[in-house]
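This report refers to the structure that appears directly beneath it.
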Amino acid sequence: MRLFGTDAELLEEAGCDVARITELERSLVAGLIECPRADIHVHVGRDRDGHELDVDGLLADMDAWGIRRTVIFAPNDPGPDGDFADANATVRRAAEVAPARLIDFCRVDPEISALSVMEEAMRHGARGLKLHPIAQGRPPESAASIACVRRATEFGWPVIMHAGFGARSLADPFLGVLNAVPEARLILAHGARGDARAVSDALADHPGVWFDTSLATLSDLVILPRERLIFGTDRPYGDHATALQLVDHAARLAKWSEADVRRVLVGNFDDILGA
Ligand SMILES: [Zn+2]
């Protein structure tokens with residue numbers, strides 16, 4: 001039996017009642033309004049730390065949780081040359097399995113052949129860029145990272161950047177990126193966890209900034225502007241049930257309208273990537 005969003009075999013080995021967990025997961029999101037859903041943040045492939053998701057597992061999860069479209073990119077698997085060549089190829093092949101539902105973003109290390117990797121990804125139909133300043137050790141405001149954001153913007157690509165879990169101030173670095181590339185479209189992952197209020201204040205006037213909800217905190221989601229929020233799960237590190245429940249809780253606490261919830265679950269995604 002497949003448990004949505006979790007490794008059922010591991011749970012069974014641990015003696016858990018998988019059917020019961022599935023039932024409980026369902027109950028977590030029973031109150032969320034019915035509307036199409038899209039997920040801006042999923043990794044396909046195998047992370048060096050062992051986390052793994054393949055395209056069949058992803059599509060099964062999407063069907064189970066009513067996710068219409070998903071943005072996919074590589075986990076932290078830069079490969080022997082550090083250029084994410086194999087990891088990006090895995091993501092590209094996954095997107096080809098269901099091109100109407102899966103949108104592939106290219107992942108790079110800004111210091112390792114990044115611009116040529118992006119050129120190749122562009123030729124193969126990639127639609128955006130993923131940067132992880134912490135995992136790759138390249139600060140967002142570094143010259144190499146800014147060069148990647150600039151090229152992505154020239155391609156018309158949005159850029160999703162890890163933001164949070166790094167215990168450092170985020171507002172000034174991201175402001176530096178936007179000052180260097182004012183027309184960039186940045187999606188800050190995890191609701192800029194750890195520095196959300198400062199980031200939101202600093203970037204309030206910039207029209208090209210969004211926050212994904214994956215692994216964010218509830219207290220951040222209720223203060224971040226809902227017109228800038230985009231649903232994300234961060235599979236396989238996160239799971240669908242708690243990601244959707246987080247949005248439901250934020251909607252209730254901050255008294256979002258039904259239109260607000262739709263905007264977070266699908267509308268802002270469609271605005272950035274096309275309906
Ligand atoms: Zn992630």
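Bear in mind these aren't lab numbers, they're just calculated from the coordinates by the rules spelled out. These numbers come from a predicted model, not from an experiment. Note that each Cβ is placed from the backbone with ideal geometry, even for glycine, and that neighbours are counted across all protein chains shown.
Subtract the Cα-Cα distance of Ala198 and Ala275 from 0.36 nm times their separation in residues, and report this length gain in nm to one decimal.
On the way: separation 77, 0.36 × 77 = 27.72 nm, distance 3.11 nm.
Difference between extended and current length: 24.6 nm.
Placing a pseudo-label 7 Å from each Cα along the Cα-to-Cβ vector at Ile21 and Ile134 gives an inter-label distance of 2.4 nm.
Across Ala196, Ala74, Ala135, mean-square fluctuation computed from a Gaussian network of the chain (C-alpha pairs under 10 Å connected) peaks at Ala135. At full extension, Val222 and His124 could sit 31.4 nm farther apart than now, given 0.36 nm per residue minus the alpha carbon distance. Under 5 Å between amide hydrogens, built in the peptide plane, is the criterion, and for Arg235 it picks out His43 among residues at least 5 positions away or on other chains.
Put simply, the amide H of Ile103, placed in the peptide plane, has neighbours under 5 Å in Thr70, Val71, Ile72, leaving out anything fewer than 5 places away on its chain.
How do Arg150, Arg123 line up, fewest other C-beta atoms within 10 Å first? List each step's numbers first, then the result.
Details: Arg150 17, Arg123 8.
So the residues, fewest neighbours to most, are Arg123, Arg150.
Here the 3J(HN,Hα) profile of the range 191-197, calculated from phi with Karplus coefficients 6.51, -1.76 and 1.60 at θ = phi - 60°, is x, 6, 3, x, 8, 4, 5 Hz, Gly and Pro shown as x.
Select from the range 160-240 those trypsin sites (Lys or Arg not before Pro) which occupy a DSSP coil region and have at most 14 other Cβ atoms within 10 Å, ordered by residue number. Before the final figure, lay out the partial values.
On the way: sites: Arg168, Arg185, Arg193, Arg197, Arg226, Arg228; in loops: Arg168, Arg185, Arg193.
Those that pass, being in a loop and sparsely packed, are Arg168.
Neighbour counts of C-beta atoms inside 10 Å place Ile160, Ile272 in the sequence Ile272, Ile160, starting with the fewest. Note that the range 258-264 has calculated 3J(HN,Hα) couplings of 4, 5, 4, 4, 4, 5, 5 Hz, one per residue in order, obtained from phi through the Karplus relation 6.51 cos²θ - 1.76 cosθ + 1.60 (θ = phi - 60°); glycine and proline are x.
In the range 37-273, one over the average inverse separation of all distinct C-alpha pairs is 17.4 Å, which is the Kirkwood hydrodynamic radius. Give me the distance between the Cα centres of the range 56-100 and the range 113-170, rounded to whole Å. Taking the Cα centre of each part, the range 56-100 and the range 113-170 sit 17 Å apart.
The calculated pair-distance distribution of the range 222-267 uses every alpha carbon pair, bins of 5 angstrom beginning at 0, and gives 5, 22, 34, 23, 12, 3 percent. Using 0.36 nm per residue and subtracting the Cα-Cα separation, the extra length available between Val97 and Asp56 on full extension is 13.9 nm.
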